[in-house]
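I have placed the structure first, in the form of structure tokens, so that the comments after it can refer back to it.
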Amino acid sequence: MLDSDKEQKLLHHKLNMETAPMPWKELLKHFAAGIVIVVDNDLDLIQVAASVANDDKAAVKKWMLANQLMKVSDEQAQVWLEQDVLLWTVVVKPFILVQEKKSL
């Protein structure tokens, strides 16, 4: 196994361990600071976080152009607040990536 493969696996493991559910209302101050990024449910939150951490501009640009990765809109923030939504979160400084919990 290449060192870079090991590093990627360690990064994925680290990010996975740092992922946690959080109520939207606890993220409002971060939203106000403009650092909360929503990840589309069709994407893997950990993979996206790893790509952001690795500064993978091509992947991030592709997701942004497809509207699968974007700053949380004021409208979305209001809906989440009204519905008291619980989101999956992971921090990739300076951002907090969030994703709605998928229904089983």
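Quickly run through segment 69-98 and pick out the residues that are basic (K, R) and either under 17 Å from P23 (Cα atoms) or at pLDDT 95 or above (or both). If the condition is that a residue be basic (K, R) and either under 17 Å from P23 (Cα atoms) or at pLDDT 95 or above (or both), then K71 is the only one that fits. When you scan segment 22-38, do you find a residue that is under 27 Å from S4 (Cβ atoms), assigned to a helix (DSSP H, G or I) and among the small types (G, A, S), even just one? Within segment 22-38, none of the residues are under 27 Å from S4 (Cβ atoms), assigned to a helix (DSSP H, G or I) and among the small types (G, A, S). Residues in segment 69-104 that are of a type in the set (F, W, Y) and either surrounded by fewer than 13 Cβ atoms within 10 Å (Cβ to Cβ) or not in a strand (DSSP E or B) (or both): W80 alone. The numbered conditions (1) within 27 Å of L65 (Cα to Cα); (2) modelled with pLDDT under 95; (3) among the acidic types (D, E) are all true for D40 except (2). Assigned to a strand (DSSP E or B), in contact with a helix residue (DSSP H, G or I) (Cβ under 9 Å, 6 or more places away or on another chain), touching a residue at least 24 places away in the same chain (Cβ under 8 Å) and of a type in the set (A, V, I, L, M, F, W, C) - does that describe any residue in segment 39-60? The answer is yes; a qualifying residue exists.
Filtering A50, A66 for residues that are among the small types (G, A, S) and buried (at least 17 other Cβ atoms within 10 Å of the Cβ) leaves a single hit, A50.
Within the option set A33, A20, A53, A59, being among the small types (G, A, S) and touching a Phe, Trp or Tyr at 6+ places or on another chain (Cβ under 9 Å) holds for one residue only, A20.
So, in segment 42-75, exactly how many residues are under 14 Å from the mean Cα position of the chain (by Cα) and more than 22 Å from Q8 (Cα to Cα)? Number satisfying all stated conditions: 6.
The values are calculated or read from the model by the stated rules, or taken from the named source; none is laboratory data. Not measured: the values here are computed from a predicted model. Cβ atoms come from the backbone with ideal geometry, glycine included; neighbour counts cover every protein chain shown.
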